[in-house]
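Working notes for the structure below.
The values are calculated or read from the model by the stated rules, or taken from the named source; none is laboratory data. Note that this is a predicted model, so its numbers are computed, not measured. Glycine also receives a Cβ, built like all others from the backbone with ideal geometry; neighbour counts cover every protein chain displayed.
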Amino acid sequence: MKGKFIIVSAPSGAGKTSIVSRLMNAGLNLEFSVSAASRKPRPNEIHGRDYFFIPAEEFREKITNGDLLEWQEVYKDQYYGTLKSEVERIWKTGHHVLFDVDVQGGINLKKMFPDISLALFIMPPSLAELEKRLRLRSTENEESLKKRLEKAGYEITFSDKFDKTIINDNLEDAVNTAINTVRQFLNA
């Protein structure tokens with residue numbers, strides 16, 4: 001039996017990872033889909049847990065062979081995508097698939113599987129608040145921060161392509177809304 005897809009997307013810094021983590025622990029029979037990436041692992045990242053790290057040439061072969069459900073080239077030779085084998089593995093365990101993907105990946109998955117997917121867009125309360133959150137992380141220089149904010153502004157324009165937009169101005173409220181929305185969808 002195949003399960004359903006729960007797709008969570010957001011601009012960087014909107015709280016997506018926190019909400020996905022809480023969804024995983026909410027007793028909803030979800031299993032996290034590990035994405036594939038052609039980039040090198042960052043310190044503390046583990047192959048198969050954080051991403052399936054695949055060299056760009058091998059990633060392109062997987063694209064050609066149809067081994068990916070969805071994919072995109074984010075920067076030159078930097079690919080991200082979802083392996084079909086990962087979704088099949090999760091479905092074989094009897095779980096529903098939880099995706100933590102970028103906005104374009106979320107739109108692509110929703111278009112391909114409209115009947116079995118719920119797409120959630122996590123929205124920051126404002127771009128000013130998003131900038132504040134990104135600055136608090138202290139992981140960005142001014143140039144990369146500016147790029148992230150420009151990208152976030154662009155990504156927000158696609159929120160209407162998702163089934164539900166959750167404004168994360170209070171994490172507990174956003175988590176509760178996400179859990180209730182997912183529970184309702186899975187029980188429908």
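A few remarks follow.
- Scanning the stretch 159-175 turns up one or more residues that are surrounded by 19 or more Cβ atoms within 10 Å (Cβ to Cβ), part of a strand (DSSP E or B) and not charged (D, E, K, R).
- Qualifying position, being among the acidic types (D, E), surrounded by 12 or more Cβ atoms within 10 Å (Cβ to Cβ) and within 26 Å of I116 (Cβ to Cβ), among E45, E31: E31
- Pair list, Cβ under 7 Å, 6 or more apart: the stretch 64-93 residue assigned to a strand (DSSP E or B), other residue β-branched (V, I, T) and surrounded by 13 or more Cβ atoms within 10 Å (Cβ to Cβ): L68/T82; L69/T82; L69/V87; E70/T82; W71/I63; Y80/V74
- Taken over the stretch 136-158, the criterion of being more than 17 Å from the chain's Cα centre (by Cα), modelled with pLDDT of 90 or more and surrounded by 14 or more Cβ atoms within 10 Å (Cβ to Cβ) is satisfied by L149 alone.
- Within the stretch 120-145, residues that are within 18 Å of I19 (Cα to Cα) have Cβ atoms under 7 Å from residues that are of a type in the set (S, T, N, Q) and assigned to a helix (DSSP H, G or I) in these pairs: L120/T181; F121/S159; M123/S159, counting only partners at least 6 apart in sequence or on another chain.
- In the stretch 19-39, the residues that are under 24 Å from I63 (Cα atoms), in contact with a Phe, Trp or Tyr (Cβ under 7 Å, 6 or more places away or on another chain) and not in a strand (DSSP E or B): S33, V34, S35, S38
- Sole residue being acidic (D, E) and closer than 30 Å to R42 by Cα, chosen from D173, D169: D169
- Residue check: M1 meets all listed conditions (1) modelled with pLDDT under 95; (2) crowded, with 17+ Cβ neighbours inside 10 Å; (3) aliphatic (A, V, I, L, M) but one, namely (2).
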